[in-house]
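Asker: Got a structure for you, questions after.
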Amino acid sequence: MRFFGENLSCVRGERLVFSGLEFAIDPGTALVLTGSNGSGKTSLLRVMASLTHPTAGHLAWQDGPVADDPERHHNRLHYVGHLDALKPVLSVRENLETWAQLHGGTDKKIALALKKLRLEGFENIPGRYLSAGQRRRLSLARLAASDAPLWLLDEPTIALDAASVDAVRTLIAEHRTAGGMAVIATNVDLGITETTTLNLLDFAPAEEDVWEGVT
């Protein structure tokens, strides 16, 4: 089912970040967001996740606008941002189980997620003892721990070694093969084939509009 946005604008800190932005994502496809720091990649992902409201335009699925049923929209996506959002006192397995229980995950999917993200053998280690790369892999393991058609990924390979980047690439490929969609904000070539690129600089406001929204 197609997910799309039309004529989107976003103001961050009273500064117009992008305007007139449009996108469309179909099952099995991946959209890569590029652009320099501050161009709005993270802001757009947050708008897509309905964590931030656009100042203009709207988001919709093929079966209706996001605004008509926000809960349905949230149930259709997984968002992995810059922050790993792990509980340091909980073990790797406990962190993943806590999240999966809220999103319909199963024990089988949790075990598979640990395997796919190379976390087997670390299940009982508390989050506070994990390296940066291990924390990132645990955050990404949420993608495999429960089903959602739309993945929104903000710089997913930060702090990952080459083997872990390969694991993420495989995870995204499997998701797409099953009909899933991925939106990935990155300026690093992840080696993912058959993607569409959306450069946020193409939707940067004109100089005279940069401070639109300032009161």
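The values are calculated or read from the model by the stated rules, or taken from the named source; none is laboratory data. Given the structure is predicted, the values throughout are model-derived calculations rather than measurements. Virtual Cβ from ideal backbone geometry, glycine too; neighbours counted across all protein chains shown.
Asker: Counting just the residues of the range 6-25 that are buried (at least 18 other Cβ atoms within 10 Å of the Cβ) and in contact with a helix residue (DSSP H, G or I) (Cβ under 8 Å, 6 or more places away or on another chain), which one comes out nearest to residue 59 (Cα to Cα)?
Answerer: 8
Asker: If you don't mind, another one. Take residue 195 and tell me if it is of a type in the set (Ser, Thr, Tyr) and touching a strand residue (DSSP E or B) at 6+ places or on another chain (Cβ under 7 Å).
Answerer: Considered against the rule, which asks whether it is of a type in the set (Ser, Thr, Tyr) and touching a strand residue (DSSP E or B) at 6+ places or on another chain (Cβ under 7 Å), residue 195 comes out as yes.
Asker: Here are the criteria: (1) in contact with a helix residue (DSSP H, G or I) (Cβ under 9 Å, 6 or more places away or on another chain); (2) under 21 Å from residue 24 (Cβ atoms). Tell me which single one residue 199 does not satisfy.
Answerer: Failed condition: (1).
Asker: Sort out which residues of the range 85-96 are part of a helix (DSSP H, G or I) and either crowded, with 17+ Cβ neighbours inside 10 Å or in the same structural domain as residue 171 (by TED's automatic domain parsing) (or both), and write them in order of number.
Answerer: Within the range 85-96, 92, 93, 95, 96 qualify.
Asker: Only one of 167, 163, 173 is outside any loop (DSSP other than H, G, I, E, B), of a type in the set (A, V, I, L, M) and without any contact (Cβ under 8 Å) to a residue 24 or more places away in the chain. Can you tell me which?
Answerer: Only one candidate qualifies: 173.
Asker: Working only within the range 26-45, note down all residues that are outside any helix (DSSP H, G or I), among the aliphatic types (A, V, I, L, M) and out of contact with any helix residue (DSSP H, G or I) (no Cβ under 9 Å at 6 or more places or on another chain).
Answerer: Passing the criteria: 31, 32.
Asker: Evaluate the range 45-60: report whether one residue or more is free of Cβ contacts under 8 Å to residues at least 40 places away in the same chain and either of a type in the set (S, T, N, Q) or not assigned by TED's automatic domain parsing to the domain that holds residue 171 (or both).
Answerer: The answer is yes; a qualifying residue exists.
Asker: Residue 113 - would you say it is at pLDDT 95 or above and either within 24 Å of residue 163 (Cβ to Cβ) or of a type in the set (Gly, Ala, Ser) (or both)?
Answerer: yes
Asker: Among 132, 148, which is the only one that is under 20 Å from the mean Cα position of the chain (by Cα) and more than 25 Å from residue 47 (Cβ to Cβ)?
Answerer: 132
Asker: Just checking, which of 150, 143, 201 is touching a strand residue (DSSP E or B) at 6+ places or on another chain (Cβ under 6 Å) and closer than 29 Å to residue 7 by Cβ?
Answerer: None of the others qualify; the one that does is 150.
Asker: In the range 120-133, what count of residues is obtained for those that are touching a residue at least 40 places away in the same chain (Cβ under 8 Å) and either small (Gly, Ala, Ser) or crowded, with 19+ Cβ neighbours inside 10 Å (or both)? Don't jump to the end; show me each part of the working.
Answerer: Our first condition is that a residue be touching a residue at least 40 places away in the same chain (Cβ under 8 Å); within the range 120-133, this holds for 127-128, 130.
Going one step further and asking which of them are either small (Gly, Ala, Ser) or crowded, with 19+ Cβ neighbours inside 10 Å (or both), we end up with 127, 130.
Total meeting the criteria: 2.
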